[in-house]
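Below is one structure, written out as structure tokens; the observations come after it.
The values are calculated or read from the model by the stated rules, or taken from the named source; none is laboratory data. This structure is a prediction, so every number in the text was calculated from the model and none was measured. Quick reminder, even Gly has a Cβ in these numbers, built from the backbone with ideal geometry, and neighbours come from all protein chains shown.
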Amino acid sequence: MSIFSIATSGLSAASLRVNVAASNIANVRTTGPLPGSDGASTPAATGSSSIAPTFPAAYVPLRVDQVDQSSGSTPGGTIATVSTVSPSYTPQSDPSAPFANGDGLVAAPNVDIASEFVQLAAAKYSFIANAKVIQAYAETEKSLLDMTA
């Protein structure tokens, strides 16, 4: 694997890390009914006795799993995959939500804002480092070509 492809795999992983962290931060307040509850208001609360509304599930937070790419005789680079956080929700008190259960609880995404900002910072520096590797590689290759001419 070339230096260029190793660095571009790092750039790709950093970009994915930024996208996942941004999605988690943007949806941190996207709550829904607790799993196992019916996700509907009681008929008495809605004034309807036949059809109860359903509500979308809480946002399921994501995480990036990044591992070394070690295939063949020339390993190098990284592979980043996205998976869901487990447990994906935490019970949160919000009795005013129309989908709150009998105890006034809703499912809130299991997102740690501080951790997400750490992920953003790590992705930023990873992106910068890999971009510098590409820049140095290009400059070295250019100088080598200039010497042979």
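Residue check: is Thr78 in contact with a strand residue (DSSP E or B) (Cβ under 6 Å, 6 or more places away or on another chain), surrounded by 12 or more Cβ atoms within 10 Å (Cβ to Cβ) and modelled with pLDDT under 95?
Numbers: in contact with a strand residue (DSSP E or B) (Cβ under 6 Å, 6 or more places away or on another chain): yes; surrounded by 12 or more Cβ atoms within 10 Å (Cβ to Cβ): yes; modelled with pLDDT under 95: yes.
So Thr78 passes the test.
Just to check your reading of the model, which residue among Val64, Val106 is part of a strand (DSSP E or B) and either surrounded by fewer than 11 Cβ atoms within 10 Å (Cβ to Cβ) or touching an Asp or Glu at 6+ places or on another chain (Cβ under 8 Å) (or both)?
Val106
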